[in-house]
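Novice: Before we start, here is the structure in question, set down as structure tokens.
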Amino acid sequence: MTTLHHLSQAADHISGICFKTGPPRRIGVELEWTVHRSDAPAEYLEAADLRTALGTHAPSALGNPHPGAVLPGGGAVTVEPGGQLEISSAPAGSLTELYESLSTDHAYLRALLARSGLVLGDSGLDPYRAPRRLLHTPRYAAMQRSFDAAGRHGRTMMCSTAGLQICLDAGTESQLPRRWGALHEMGPALLAAFATSGRHAGRDTGWASARMATWYGIDPRRTRPVGTPGDLAAGWAEYALAAPLLCVRRGEQEWDVPAGVTFADWIDGALPGRPAVDDLDYHLSTLFPPVRPRGYLEVRYLDAQPGTEWIAPAAVVAALLADDTTTDAARALAAESAGQWLTAARAGLADPTIRRTAAALLDLACRNLDGTGLPRAVRDVVTDIVARRLDRAGTRKDAHR
């Protein structure tokens, strides 16, 4: 494995893997949920509860000695530190293909859990329980100690949040800046439109998306949006190298690192030994901007959705990026609220500017759902969900539901 002696080596590696260009064809989704006992949703679960319920599909992090079996639709089950479960879909060639395969996996997982008296949550933040870590690994122990030193938000993020991630091809070299810019500029309005995390640990948080509030409470060098002007690859490399290390892998020893040491500092000799390329790849997995380049574009700012309603935000994003003309129109509509992440998370659609932008973007998306290839019945479901979100979210109180 190549050892990194110079910042330029690291920057070149990041630039080479972060944006893979080509005609946009594939889409994927990661669905994440908190998990609860159906008869006692505020009761904490243990790793053994999830391992038993998942059977052969349990990931190794739950103590399964074998790799977890894939679900019938091709998705893989993973588990987060607080016991949240996630289905990572296989990349699909169309939104219809994705909808069919992920719907199959979602239904299968719900039935699997139901046999053990467990249910999936329906919001982006655990509404019943305070954060408690269920997985005890060197990575998560180091993460928690690092986050705890700065406040409560990191532990909440690790153990109580559930998101919906949409993964899209970056597009051709000429499309990349347009698609990258659109996903950021539309972000605040779409975050607000699909916010589901107003309650946490039995109380109203006062936020439309308290899940996103947890991200704002974490070191912004790890969570702020990546700058968009100029060379995108160079900008991401600069962001990544200036971000503090969250942990360094050391087998079964503690993975803690001194506070504030960045990956660039490690290359420059701040820690014993020099990092290798795979250490850099691992470091990239500990960075959490709202849109993250991973060869494809990973949209990370959406809350988990109730039941099967994940298709609505997925279809909206797909429709708005279906062709360059629609994407340009979406960027023009989004300009008024671009960058207003904090307002969107706190007030949701109760903020007039955010609501106006969201309504315009959702209208544009619904008028262009034909371009997603979804069957008419599913398109009708999407438009119904969108209409309900706009109708019931006129005040901040309603936006928390």
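Novice: Whole angstrom only: what separates the Cα centroid of the stretch 1-69 from the Cα centroid of the stretch 100-167?
Specialist: 11
Novice: May I have the pair-distance distribution P(r) for the stretch 113-159, computed from all Cα-Cα distances with 10 Å bins from 0 and rounded to whole percent?
Specialist: With a bin width of 10 Å, the distribution comes to 23, 43, 27, 7, 0.
Novice: Let me ask something else. What is the distance in Å between the Cα centres of the stretch 309-349 and the stretch 187-228?
Specialist: That distance is 16 Å.
Novice: Using Cα-Cα distances under 8 Å and only pairs 6 or more residues apart, what relative contact order does the chain have, in percent?
Specialist: In percent, rounded to a whole number, it is 22.
Novice: If you don't mind, there's one more thing I want to ask. Please report, largest first and rounded to whole Å, the three semi-axes of the ellipsoid equivalent to the stretch 1-137, where each semi-axis is the square root of five times an eigenvalue of the C-alpha gyration tensor.
Specialist: 31, 21, 15
Novice: How big is the Cα convex hull of the chain in projection, averaged over all directions, in nm²?
Specialist: Directional mean of the projected Cα hull area for the chain stands at 18.4 nm².
Novice: When DSSP beta bridges are limited to those with both residues in the chain, what percentage is antiparallel, rounded to the nearest 5?
Specialist: In the chain, DSSP labels about 95 percent of beta bridges as antiparallel.
Novice: Also, quick follow-up: For the stretch 243-257, in order, what is each residue's ³J(HN,Hα) by Karplus, 6.51 cos²θ - 1.76 cosθ + 1.60 with θ = phi - 60°, in whole Hz (x at glycine and Pro)?
Specialist: Those phi angles translate into 7, x, 5, 8, 6, 10, 5, 9, x, 8, 7, 5, 9, 5, 10 Hz.
Novice: Same structure again: Relative to the Cα centre, what is the charge dipole magnitude of the chain, using +1 at the beta carbon of each Lys and Arg, -1 at the beta carbon of each Asp and Glu, and rounding to the nearest 20 debye?
Specialist: The dipole of the chain has a size of about 840 debye.
Novice: Ranked highest first by average number of other Cβ atoms within 10 Å, how do 352-361, 267-276, 366-375 line up?
Specialist: Those peptides, ordered most packed to least, come out 352-361, 366-375, 267-276.
Novice: Counting other C-beta atoms within 10 Å, and keeping those with at most 12, which DSSP coil trypsin sites (Lys or Arg not before Pro) do you find in the stretch 31-140?
Specialist: Arg115
Novice: Along the charge dipole of the chain, Cβ charges K/R +1 and D/E -1, which of Ala338, Gly74, Leu321 sits furthest on the positive end?
Specialist: The listed residue farthest towards the positive side: Ala338.
Novice: Restricted to Cα positions, what overall size does the stretch 1-76 have along the principal axes? Three whole-Å values, descending.
Specialist: Largest to smallest, the principal-axis extents are 55, 34, 27 Å.
Novice: In nm, what is the difference between 0.36 nm times the number of residues separating Thr353 and Thr325 and their Cα-Cα distance?
Specialist: 7.7 nm
Novice: Subtracting the Cα-Cα distance from 0.36 nm times the residue separation, let me have the gained length for Ala130 to Leu271 in nm, one decimal.
Specialist: Answer, rounded to one decimal: 47.3 nm.
Novice: For the stretch 75-230, what D do you get in µm² per second when you plug the Kirkwood radius from alpha-carbon pairs into Stokes-Einstein at 20 °C and 1.002 mPa s?
Specialist: Once the numbers are plugged in, D ends up at 121 µm²/s.
Novice: Let me ask another. Taking K and R as +1 and D and E as -1, what net charge do the other residues with C-beta under 12 Å from the C-beta of Pro275 add up to?
Specialist: Taking every other residue near Pro275 into account, the sum is -3.
No lab work stands behind these numbers, since they all come straight from the coordinates. A quick note: this is a predicted structure, and the numbers were derived from the prediction, not measured. Backbone-built Cβ (ideal geometry, glycine too); neighbour counts: all protein chains shown.
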